[in-house]
Amino acid sequence: EDNLELRASEEVKTKRFEIELEEALCDMRKDTQLVIVDVPGINEADMSKKFKNYVESHWNTFDCVVVVMDGRQGVNTEEQVSLLRLVKANLESKKDVPIVILCNKIDDQDDEEQEELVLE
């Protein structure tokens with residue numbers, strides 16, 4: 001219910017969770033924080049503009065960007081191409097940050113057809 005309310009909003013609203021881990025995810029200085037911004041639904045037609053605007057307006061605050069894409073489909077929809085263009089445009093015009101493309105939904109590492117889509 002809470003997520004539906006957040007998605008229905010005209011503007012992107014943020015939620016902050018403080019999580020304590022038994023082991024650190026990575027080595028960090030004591031005066032730094034790891035902040036993860038999860039932007040859902042950037043490819044959904046009714047959400048696209050709102051979340052793309054959020055990403056563009058906050059790009060300069062990012063130190064790394066992780067783009068999650070469906071590895072079973074490859075880059076074969078206008079939404080996926082548009083998302084990659086958004087990332088490229090912000091890299092070139094705003095701040096150059098490391099980009100990680102994370103392919104999800106890949107269950108069989110030995111599937112040659114899936115491997116071709118991932119390499120795409």
Answer residue from region 64-120, given it is small (Gly, Ala, Ser) and closer than 22 Å to residue 38 by Cβ and is surrounded by the fewest Cβ atoms within 10 Å (Cβ to Cβ) among those: 89
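Quick check: is even one residue across region 35-43 of a type in the set (Gly, Ala, Ser) and at pLDDT 70 or above?
Checked region 35-43: no residue is of a type in the set (Gly, Ala, Ser) and at pLDDT 70 or above.
In this structure, is residue 48 at pLDDT below 85, closer than 19 Å to residue 12 by Cβ, open to solvent by less than 30 Å² (accessible area, probe 1.4 Å) and not charged (D, E, K, R)? Give the steps one after another, and end with the answer.
Working: at pLDDT below 85: yes; closer than 19 Å to residue 12 by Cβ: yes; open to solvent by less than 30 Å² (accessible area, probe 1.4 Å): yes; not charged (D, E, K, R): yes.
Answer is yes for this residue.
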For a quick check of your reading of the model, give me the residue pairs whose first member lies in region 53-71 and is closer than 12 Å to residue 83 by Cα, whose second is of a type in the set (S, T, N, Q) and surrounded by 14 or more Cβ atoms within 10 Å (Cβ to Cβ), with beta-carbon atoms closer than 7 Å and at least 6 apart or on different chains. 56/90; 69/80
Just to be sure I understand the filter: pairs with C-beta atoms under 7 Å, separated by 6 or more residues or on different chains, first member in region 82-98 and assigned to a helix (DSSP H, G or I), second member among the aromatic types (Phe, Trp, Tyr). Which pairs pass? 90/59
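The values are calculated or read from the model by the stated rules, or taken from the named source; none is laboratory data. Model, not experiment: these values are computed from the prediction. FYI the Cβ positions are ideal-geometry reconstructions off the backbone, even for glycines, and counts take in every protein chain you see. Only protein heavy atoms, including side chains, enter the accessible area calculation; ligands, DNA and RNA are left aside. Shrake-Rupley method; radii C 1.70, N 1.55, O 1.52, S 1.80 Å.
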